[in-house]
Amino acid sequence: MSMEPIHPSVTAWLKEAPKKMLIGGQPETALSGQTFLSINPSDGRPLAEVAQGGVEDVDRAVAAARGAAEKWAATAPAERERLLRRFAALIEEHAGELAQLETLDNGKPLSHTRQIDVRVAANQVYYHAAWPSRLVGETVPVSIPNLFVYTRREPVGVVALIIPWNYPLIHSMQKVSPALATGNTVILKPASVASLACLRLGELALAAGFPPGVFNVITGPGPVIGQALAAHPQIDKVQITGSTAVGREIIRSSAVNIKRISLELGSKAPNAIFADADLELAIPGAFRAAFGNTGQSCVAGARLFVESPIYDRVVERFVDMAGKAVIGNAMDLTTELGPIIDGKQYETICGYIQTGQEEGARLLTGGNRLAPPAVPEGGYYLPPSIFVGASDGARISQEEIFGPVVNIYRFSTEDELVERANATTYGLAAGLWTRDLARAHRVSARIKAGVVWVNTYDLFAPNVPFGGYKQSGYGRDNSQAVIEAVTELKSVWISTK
Ligand code: NAD
């Protein structure tokens, strides 16, 4: 055990009640006065009281963002760059505090939030800070005489950014920074179960000097304020990372004003180990792919396909590693698997574990809630759970569980692997483990997913596109692709006669 003490500045911040939204550059409570409690998933105890926004608060945030839009779009690119860099520097300066807030709020192990999430969030802002001066158009050589034609990239306008609870620091900065860099004003809506880091980021944005209304944060229930954002006629674009079910709702709501939308949705990623793979790399890599962040990850390698000759060996090693996984309080620096986010998600996962067994799959290990003193009282802790023998069409093979559950399947040929890996409605991510370079290229090309990792997994960079095929959504985060997604392309025709 190596419990990290909570930093006094974090304790003091959590105590100020309620945590306020950021609307028009001001900390604001909900107009209704309502609040909700944020719970620490590691021990089930209340962490902070948070303003519970309603539809009328959405209207206020939209008015603030709309009011600031024209001036922000016209702000000199160098000034937008300067503000984004200052914001990124503040995130770095407050890295320790942000990492603790995230871990306390969503139960991701502190070793992870500190080493990865805060750094990735700051890097996202630094990367996008370089875009404003580089947002160039083109001149177009049309064949009609006496014309000078060029294109311009312009901000879409007011952009609502709706994010889930599993990576709030990363998801928020991945979406906020390209939108601001390109001259949009934003309304960020985090998930209710993990909104604290986003509220703190809003404060840091204000300290960085963004003008009032440029960066707003509102908190509250998705079906109320998320839905109101998606349906709001004064919002020009919605970008969401979330479940496919909510993505579908947003598609419907967006029809009201033909809103632009980008959707990063659910997944059931295939991960395949070929017999020629370096198993010392592949087995721990596939284990982390399945159980990283306690399986509460959109890219979790939840369908593990293993080539027949090495199947028994991989299964045995997985069961062994599952037994040795360090599970516990997310604030403990030795913890590898933290708690499940809440009781509702725990019930969902347990429901799938039961369904899997009823469908005829064999649970080799896991599936039972861990009890104190092995884990802290009040949290929902599940060990890595491993199924074999599930059919490809079974619910546990097809539906996203979003917990520490992996299905291991045996395969014999490359063609069979490709067909089975693609037999899903999702298409976000996939992994391959092989020493055969030709096969790596061949299979990567045939897998229907937005990202394929070979002999590695779960890597991201701000200049590499990320997003899904099929019902994992459309649009891309990161890279030039997201810049295009938050801008409109205008053609200007000038007569030179
Ligand atoms: P969720 O879909 O329940 O919620 C996502 C966000 O949408 C939250 O902020 C929520 O409050 C809001 N919301 C809920 N109902 C809404 C509605 N009717 N209209 C508008 N907004 C609404 O997802 P979650 O449980 O927070 O996160 C888990 C899901 O997110 C999983 O499906 C996972 O695969 C997905 N996810 C996808 C990616 C990706 O990059 N594709 C990354 C992380 C998570």
Study note, to complete from the structure: When region 289-315 is checked residue by residue, the ones that are away from the ligand (no atom under 16 Å from the Cβ) and either crowded, with 24+ Cβ neighbours inside 10 Å or under 18 Å from Ala390 (Cβ atoms) (or both) are Leu304, Phe305, Val306, Glu307, Ser308, Tyr311, Asp312, Val314, Val315
Point to revise | Total residues in region 188-231, condition assigned to a helix (DSSP H, G or I) and either of a type outside the set (D, E, K, R) or buried (at least 24 other Cβ atoms within 10 Å of the Cβ) (or both) | key: 24
Practice item. Scan region 261-288 for residues that are open to solvent by less than 10 Å² (accessible area, probe 1.4 Å) and assigned to a helix (DSSP H, G or I) and jot them down. Key: Ala282, Ile283, Gly285, Ala286
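So that you can scan it fast, the table gives a plain yes or no per residue for (1) closer than 23 Å to Leu459 by Cα; (2) touching a residue at least 12 places away in the same chain (Cβ under 8 Å); (3) basic (Lys, Arg); (4) in the same structural domain as Gln480 (by TED's automatic domain parsing):
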{"residue": "Phe87", "(1), (2), (3), (4)": "no, yes, no, yes"}
{"residue": "Leu98", "(1), (2), (3), (4)": "yes, yes, no, yes"}
{"residue": "Lys108", "(1), (2), (3), (4)": "yes, yes, yes, yes"}
{"residue": "Asp117", "(1), (2), (3), (4)": "yes, yes, no, yes"}
{"residue": "Val120", "(1), (2), (3), (4)": "yes, yes, no, yes"}
{"residue": "Tyr127", "(1), (2), (3), (4)": "yes, yes, no, yes"}
{"residue": "Ala130", "(1), (2), (3), (4)": "yes, yes, no, yes"}
{"residue": "Ser133", "(1), (2), (3), (4)": "no, yes, no, yes"}
{"residue": "Glu138", "(1), (2), (3), (4)": "no, yes, no, yes"}
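Give the residue that is nearest to Pro376 (Cα to Cα), with candidates limited to residues of region 53-71 that are of a type outside the set (A, V, I, L, M) and surrounded by 23 or more Cβ atoms within 10 Å (Cβ to Cβ).
Start the filter on region 53-71 by keeping residues that are of a type outside the set (A, V, I, L, M), which leaves 53-54, 56-57, 59-60, 66-67, 70-71.
Narrowing further to those that are surrounded by 23 or more Cβ atoms within 10 Å (Cβ to Cβ): 53, 57.
On the way: Gly53: 32, Asp57: 37 Å.
The residue in question is Gly53.
Between Gly202, Gly222, which is near the ligand (Cβ under 9 Å from one of its atoms), over 14 Å from the mean Cα position of the chain (by Cα) and closer than 23 Å to Gly107 by Cβ? If you could, list the steps in order and put the result at the bottom.
Numbers: Gly202 fails: near the ligand (Cβ under 9 Å from one of its atoms).
Going through Gly202, Gly222 in turn, just one is near the ligand (Cβ under 9 Å from one of its atoms), over 14 Å from the mean Cα position of the chain (by Cα) and closer than 23 Å to Gly107 by Cβ: Gly222.
Could you list, in sequence order, the residues of region 253-286 that are closer than 13 Å to Arg317 by Cβ and β-branched (Val, Ile, Thr)? Walk me through how you get there before you give the answer.
As a first pass, look at region 253-286 and keep what is closer than 13 Å to Arg317 by Cβ: 273, 277, 279-286.
Within region 253-286, Ile273, Ile283 qualify.
Working carefully through the options Glu488, Glu484, Glu414, Glu419, find the one that is open to solvent by 60 Å² or more (accessible area, probe 1.4 Å), assigned by TED's automatic domain parsing to the domain that holds Asp392, at pLDDT 95 or above and over 16 Å from the mean Cα position of the chain (by Cα). I'd like the intermediate steps shown before the answer.
Details: Glu488 fails: assigned by TED's automatic domain parsing to the domain that holds Asp392; Glu484 fails: assigned by TED's automatic domain parsing to the domain that holds Asp392; Glu414 fails: open to solvent by 60 Å² or more (accessible area, probe 1.4 Å).
Criteria check complete, one pass: Glu419.
Do we have Val238 as assigned to a strand (DSSP E or B), within 11 Å of the ligand (Cβ to nearest atom) and either under 15 Å from the mean Cα position of the chain (by Cα) or farther than 25 Å from Thr424 by Cβ (or both) here?
Details: assigned to a strand (DSSP E or B): yes; within 11 Å of the ligand (Cβ to nearest atom): yes; either under 15 Å from the mean Cα position of the chain (by Cα) or farther than 25 Å from Thr424 by Cβ (or both): yes.
Taking the combined requirement at face value, the residue satisfies it.
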Practice item. State whether one or more residues within region 246-256 are within 24 Å of Val50 (Cα to Cα), near the ligand (Cβ under 10 Å from one of its atoms) and part of a strand (DSSP E or B). Key: no
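The values are calculated or read from the model by the stated rules, or taken from the named source; none is laboratory data. Remember, it's a predicted structure, so these values are computed and weren't measured experimentally. All Cβ positions, even for glycine, are placed from backbone atoms using ideal geometry, and neighbour counts span all protein chains on display. With ligands, DNA and RNA removed, areas are computed over all heavy atoms of the protein, side chains included. Shrake-Rupley method; radii C 1.70, N 1.55, O 1.52, S 1.80 Å.
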